[in-house]
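The values are calculated or read from the model by the stated rules, or taken from the named source; none is laboratory data. Worth saying up front: this structure is predicted, and the values here are computed from it rather than measured. Glycine gets a Cβ as well: all are built from the backbone with ideal geometry, and neighbour counts include every protein chain shown.
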C-alpha cells in the first residue's frame with residue numbers, strides 16, 4: 001500500500017535489510033562514497049537495482065545516474081559479483097547464493113539547487129532520490145541510512161528522516177531510517193555547521209535549518225515560520241506530521257523551493273534575510289512550499305503516488321498541485337500579516353493577473369494541456385515557450401483566484417475555496433493510498449458551491465478563452481484597470497517592446513520575443529544583436545529604452561542576424577500598468593463579500 005506518512009517513534013530501534021552507508025572523506029572533491037548493503041535469503045537468481053531518473057515535485061527527467069561512478073558489487077566474503085546493466089539506470093547482479101551483497105559507488109554532488117545534491121568540504125546536502133538505488137520488488141521495506149562523518153568538524157545535522165538511535169549519542173555513525181523507499185527518497189538531510197531553531201505548533205515539532213554564508217537572525221526566521229504554520233494549519237484544523245523541517249539556503253544566484261511530506265527546501269538570495277521588502281518574497285516562498293504539505297503531497301492527482309521513478313508521469317492536474325498553491329502562497333502571506341491589503345491587491349494585479357496577460361501562450365494552450373506537457377514545456381522551455389503555452393503555476397493561480405471569488409459570491413460569503421480544500425483533504429484522510437481524479441475535484445467544487453461555478457471553472461482550465469477579470473471582481477466592489485504606466489503629458493512614458501535581452505561581451509542580444517509585440521512586428525528575432533537606435537550605438541537595455549521618446553513612436557533599429565546587418569522600424573507601445581482598485585463607496589453586498597474574501601482570521 002502506498003504511503004508517505006511516518007512518525008519518528010516508528011523507526012526507533014528498527015532493523016533494516018537494506019542499508020546505505022555514506023562516507024564523506026572525499027567531500028572536498030564533491031564526492032559521496034556509498035556502500036549499499038542488501039541482505040539476501042540466498043535463493044535469488046538475480047537482484048535488480050534502479051536509480052530514479054527524476055525527483056517528485058520537479059517534473060523533468062534528470063537521469064541522476066549521470067553522477068554515479070566506480071560501481072562494483074561484492075558478496076559477504078568480499079568477492080566481486082557479476083554486474084550487468086539492463087537499462088540506463090538499472091543494473092542486475094547475480095548473488096550466487098550470497099546472504100548479503102554490497103553495492104559500492106561514488107556520487108558526484110556539485111549542483112546547488114533544491115532538487116540536486118551539493119557537497120563541499122564545509123557541508124553536505126544529501127537528497128536520497130538523487131543517489132540511492134532501490135531494490136526492485138523491495139521498496140516497501142524499512143531502509144536505513146548510516147552517516148559516517150567527523151562530528152567535531154560538522155556539528156549540525158538536520159533531517160526529514162527519523163532517527164533509529166538517539167542523535168546525541170557520540171562515538172559512531174548516525175543511523176536514520178524510513179518505513180519505505182518512497183519516504184526515503186523524499187527526505188533530505190543537511191550536515192555541516194548550520195544554524196537550527198525549533199518551535200512547537202499544533203502539537204508538532206518544527207525545525208528551521210538556516211544555511212548561509214553570513215550570520216543572520218535565525219530567531220526572526222523561526223518566528224515567521226511559526227506564523228506560517230499557525231496560519232495554514234488553521235484551514236485544515238491541524239497538521240498531518242509529528243515533525244517538520246524548513247530548510248532555508250541563502251546565497252548568491254540561488255532561488256526556488258521544493259516540497260516534501262515532512263520538510264521543504266527553500267533557496268533565496270542573501271538580501272532576502274536583511275532587506276525587509278525582499279524578505280516578503282522569501283516568506284511567500286515558504287508559504288508556498290509549506291502549503292504543499294497538504295496540496296500535492298497528500299491532496300494529489302492520482303498519477304502522483306504510487307508512481308514510476310524511471311520515466312515521465314503525466315497528469316493534466318498540475319493546475320491543482322501548483323496553480324492552487326501559487327494562489328495560496330501570497331494569500332497566506334497576506335493572512336499571516338506579511339503583506340498589507342494594498343500590497344496584496346497590487347501583487348495580484350501585477351505579478352499574477354498582469355503577468356498572465358503578458359503571456360501570448362495563454363491563447364495557444366489550455367492550462368490542462370500545459371500541465372500534462374510540463375515535462376517537455378515548463379522545465380525545458382525554449383526561448384519561444386511563452387508564445388506557445390501558459391505556465392500552470394501562473395494561469396493555475398489566477399484560475400484559483402477566480403474560483404475563490406466565484407464560490408464566495410455564489411454562496412453569499414458562506415463558503416470559499418478553503419472549503420473545497422477541506423473536502424479534498426477528507427478524501428485523502430479516508431483513502432491516503434489513492435490520489436484524486438479531475439472529476440472528484442469538480443465534484444468538490446460543486447458540493448461547496450453550485451453546478452454553474454463548476455461549469456465556469458472547467459471552462460477556465462480546459463479552454464484558451466480570455467478570462468473575464470473585471471466581471472469576477474465587480475461583485476466585490478473592486479475595479480480592474482489596465483492603463484499605460486505613464487502618460488504623454490508626463491513626458492516619460494515607459495516603452496513596451498515585447499522582448500527580453502541579455503548582454504554578452506558588450507553586445508546586446510535578444511533572448512526572447514513576445515508574439516504580436518512591437519519587436520515581433522518589426523521582424524526582430526531571438527539571438528539577433530541590437531546595435532543602434534536612430535543611428536546611435538547601444539550596448540545596454542537602459543540605453544535602448546532611453547533612446548525612445550513619446551514623440552517618436554516609430555524608431556529605426558539597426559540589428560544583426562548571423563553577422564549580417566539589417567535595419568527595421570519599430571512602433572512601440574506604452575507599457576501597461578495593472579491595478580485592482582477598491583471603489584470609494586461599496587454597497588452592502590459588496591462590502592460583505594469584500595470583507596469575507598480578505599479577512600485574515602476565521603473559522
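Quick one: how many residues across region 450-481 are within 30 Å of the chain's Cα centre (by Cα) and either modelled with pLDDT under 95 or in a helix (DSSP H, G or I) (or both)?
The number of residues fulfilling the criteria is 14.
Taking region 330-344, which residues are surrounded by fewer than 21 Cβ atoms within 10 Å (Cβ to Cβ), touching a helix residue (DSSP H, G or I) at 6+ places or on another chain (Cβ under 9 Å) and either not in a loop (DSSP other than H, G, I, E, B) or not assigned by TED's automatic domain parsing to the domain that holds residue 422 (or both)?
The answer is 341, 343, 344.
Looking for something in a loop (DSSP other than H, G, I, E, B), in contact with a helix residue (DSSP H, G or I) (Cβ under 9 Å, 6 or more places away or on another chain), surrounded by fewer than 18 Cβ atoms within 10 Å (Cβ to Cβ) and without any contact (Cβ under 8 Å) to a residue 60 or more places away in the chain - is there at least one such residue anywhere in region 550-558?
For region 550-558, residues in a loop (DSSP other than H, G, I, E, B), in contact with a helix residue (DSSP H, G or I) (Cβ under 9 Å, 6 or more places away or on another chain), surrounded by fewer than 18 Cβ atoms within 10 Å (Cβ to Cβ) and without any contact (Cβ under 8 Å) to a residue 60 or more places away in the chain: present.
Run residue 126 past the list (1) under 25 Å from the mean Cα position of the chain (by Cα); (2) crowded, with 23+ Cβ neighbours inside 10 Å; (3) under 16 Å from residue 243 (Cβ atoms) and report the number of the one that doesn't hold.
Going through the list (1) under 25 Å from the mean Cα position of the chain (by Cα); (2) crowded, with 23+ Cβ neighbours inside 10 Å; (3) under 16 Å from residue 243 (Cβ atoms), residue 126 breaks only (3).
Tell me yes or no: at least one residue of region 469-476 is surrounded by 21 or more Cβ atoms within 10 Å (Cβ to Cβ), under 18 Å from residue 320 (Cα atoms) and assigned by TED's automatic domain parsing to the domain that holds residue 322.
No.
Within region 150-158, identify whether any single residue is buried (at least 16 other Cβ atoms within 10 Å of the Cβ), within 30 Å of residue 379 (Cβ to Cβ), at pLDDT 95 or above and out of contact with any helix residue (DSSP H, G or I) (no Cβ under 9 Å at 6 or more places or on another chain), and answer yes or no.
Taking every residue of region 150-158 in turn, at least one turns out to be buried (at least 16 other Cβ atoms within 10 Å of the Cβ), within 30 Å of residue 379 (Cβ to Cβ), at pLDDT 95 or above and out of contact with any helix residue (DSSP H, G or I) (no Cβ under 9 Å at 6 or more places or on another chain).
Restricting to strands (runs of 3 or more DSSP E) lying wholly in region 1-92: which have 3 or more residues that are within 26 Å of residue 124 (Cβ to Cβ)?
Here the list reads 18-23, 31-39, 68-75.
Yes or no: residue 47 out of contact with any helix residue (DSSP H, G or I) (no Cβ under 9 Å at 6 or more places or on another chain), more than 27 Å from residue 318 (Cβ to Cβ) and surrounded by 14 or more Cβ atoms within 10 Å (Cβ to Cβ)?
Answer is yes for this residue.
Here is a list: 282, 210, 258. Which entry is crowded, with 18+ Cβ neighbours inside 10 Å, touching a helix residue (DSSP H, G or I) at 6+ places or on another chain (Cβ under 8 Å) and assigned to a helix (DSSP H, G or I)?
Unique residue meeting the criteria: 282.
Residue 239 - would you say it is closer than 26 Å to residue 178 by Cα, more than 16 Å from the chain's Cα centre (by Cα) and part of a helix (DSSP H, G or I)?
No, not satisfied.
If you go through region 517-543 one residue at a time, how many are surrounded by fewer than 18 Cβ atoms within 10 Å (Cβ to Cβ), under 33 Å from the mean Cα position of the chain (by Cα) and at pLDDT 95 or above?
Qualifying residue count for the region: 3.
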